[in-house]
Amino acid sequence: MKLSGKNIVVFIVLAGAVALAYYLPCLRYNFYQQMMDGLMLDDAQIGLIGSLVNVINTVCYPIGGVLANKFRTKTLIVITLAAFLILSVWYAFAQGFVMLLIIHLLFAFFGIATLWSAYLSAVRGLADERNQSKMFGWNEGTRGLIQFAISLAFVALMGIALNAAQGFTYSMLFAAGVCAVFLVLAIVFMDGKPKVDEQDAAEKADEEPVEKYTVVDVLKNPGVWVVTFLIMCAYVFWTMGNSYLSQYTVDVLGLDPGTASTIGTVRTYLIVAIAGLIGGVLLDKFPYKGRTFIVLLAIDIVLIVGVMITGEQLMLCVALTICISFIANIMKTTYWSTMGEAGIPAAMTPLATGIISFICFMPDWVYPVVFGNWLTDARAADGGVAGAAVAGVYQNIFLIIIAFGVLGMVVSFIHWKRAQKLEAAGVIEIDHHGKK
């Protein structure tokens, strides 16, 4: 697979657009304390914003599919980046919870409805079928590096600002500048929808008709439910960990918010690129992915327990949070690869992934509001600061994550045994790398 000339720029624009879409509405992951101080938000308000953003994301997935079928890819990418530019400037000077909520919801709408399906189509058009995994993997890694660079810039700008509010103004104006750069590149270098060349058209004409599946077929497939709950449990480690590990180091460990944000940036964005590359190789080395997920979930459970009992050892505890993120990102970048061994036919993938995504990401609707209210009440009980009550809330959050991990191990075991059964029946083939 080779990218050259204009396609390299298009590749970077696509990665940049999605990097912005999943970064700007999610600043709570690494700048939680700064949002509280600079934007005058409390835990409950930040939690509500997070939950509503996730709801809008889910609702907009089917909308994005319709728009991607009706409009040129370039048109949708340009609209998205233009919207991000306007919203970033608005965010820089926004005041009040309601205005900030509206801005976040608009970020969520444009990030999914006008971007996500168009992005997937465009990335797929940059490579042939033999190189799809590599293309998406490289784009995921590039996205993580772009987010890492933007986040470091945010940390630096907040560091030189006179206060948190001014830091957010500087940071969002910088984000607007980044949006403007990608917008210009998209206008200049992007074409319309990727066109199918004559060779691809000939190959598709020779293919046998693909079996059609209905929603009922998907719901009746046991593998769909196994994969749904496997992904849900693995995703919980990633999303809850990213949401609260940074703030835990501030509230309970006493780490400086700026330092915590820097560590959170490394944990959230740089590690994902490394974990994606390692995870792809790792999962391919073992014949049963369910068995590998049992090991990964067990490791993360042990690491979470380590965080809970090493609160007085600052550097050790911080190191454990980074390790948690590394393992969680290995799972996150590979869990969609479990569909084949679960017995989900390739032709069922479009419907199956839609249903799986709708269900498995449901914790995102609930936990930010619930945990945010818990923390707000705990701070009030501690007299407005982070004390014993706040520390207790974090312990409960970690216990919930552990519970999902245990459930995930059970589901992974079911996935493993289902794969063995399907293999024995000749339904699927699994590469044992010369070993049985």
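The values are calculated or read from the model by the stated rules, or taken from the named source; none is laboratory data. In this text, all values refer to a predicted model and were calculated from it rather than measured experimentally. Ideal geometry is used to build each Cβ from the backbone, glycine not excepted, and the neighbour counts take in all protein chains shown.
Being surrounded by fewer than 19 Cβ atoms within 10 Å (Cβ to Cβ) and not hydrophobic (A, V, I, L, M, F, W, C) is the filter here; which residues of the range 306-339 pass it? Scanning the range 306-339 gives Gly306, Thr310, Gly311, Glu312, Gln313, Ser337. Filter the range 327-347 down to the residues that are under 18 Å from Trp238 (Cβ atoms) and of a type outside the set (A, V, I, L, M, F, W, C), then identify the one that is farthest from the chain's Cα centre (by Cα). The residue in question is Thr338.
Taking each residue of the range 61-87 that is polar (S, T, N, Q) and looking for partners that are not in a helix (DSSP H, G or I) with beta-carbon atoms closer than 6 Å, six or more apart or interchain, yields Thr73/Lys193; Thr80/Thr114; Thr80/Leu115. When the range 211-270 is limited to residues that are within 30 Å of Ala352 (Cβ to Cβ) and among the acidic types (Asp, Glu), the one that is farthest from the chain's Cα centre (by Cα) turns out to be Glu211.
Of the numbered criteria (1) over 24 Å from Pro62 (Cβ atoms); (2) touching a residue at least 60 places away in the same chain (Cβ under 8 Å); (3) not in a loop (DSSP other than H, G, I, E, B), the one Cys323 fails is (2).
If you check Pro350, Pro363 for being modelled with pLDDT under 80 and either assigned by TED's automatic domain parsing to the domain that holds Asn242 or closer than 23 Å to Val236 by Cα (or both), only one passes: Pro350.
Is one or more of the residues making up the range 41-64 in a loop (DSSP other than H, G, I, E, B), within 30 Å of Ala380 (Cα to Cα) and touching a helix residue (DSSP H, G or I) at 6+ places or on another chain (Cβ under 9 Å)? Checked the range 41-64: at least one residue is in a loop (DSSP other than H, G, I, E, B), within 30 Å of Ala380 (Cα to Cα) and touching a helix residue (DSSP H, G or I) at 6+ places or on another chain (Cβ under 9 Å). One residue stands out among those in the range 185-215 that are at pLDDT 50 or above and surrounded by 12 or more Cβ atoms within 10 Å (Cβ to Cβ): the one that is farthest from Pro257 (Cα to Cα), which is Tyr213.
Of all residues in the range 113-135, none are surrounded by fewer than 18 Cβ atoms within 10 Å (Cβ to Cβ) and at pLDDT 80 or above. Only one of the numbered conditions (1) at pLDDT 80 or above; (2) surrounded by fewer than 21 Cβ atoms within 10 Å (Cβ to Cβ); (3) under 19 Å from Ile397 (Cα atoms) is violated by Leu303, and that is (2).
Which one of these is outside the structural domain of Pro368 (by TED's automatic domain parsing), farther than 27 Å from Val181 by Cα and buried (at least 20 other Cβ atoms within 10 Å of the Cβ): Leu24, Leu87, Leu48, Leu41?
The conditions single out Leu41.
On inspection, Thr333 does not qualify as out of contact with any helix residue (DSSP H, G or I) (no Cβ under 9 Å at 6 or more places or on another chain), of a type outside the set (A, V, I, L, M) and modelled with pLDDT under 80.
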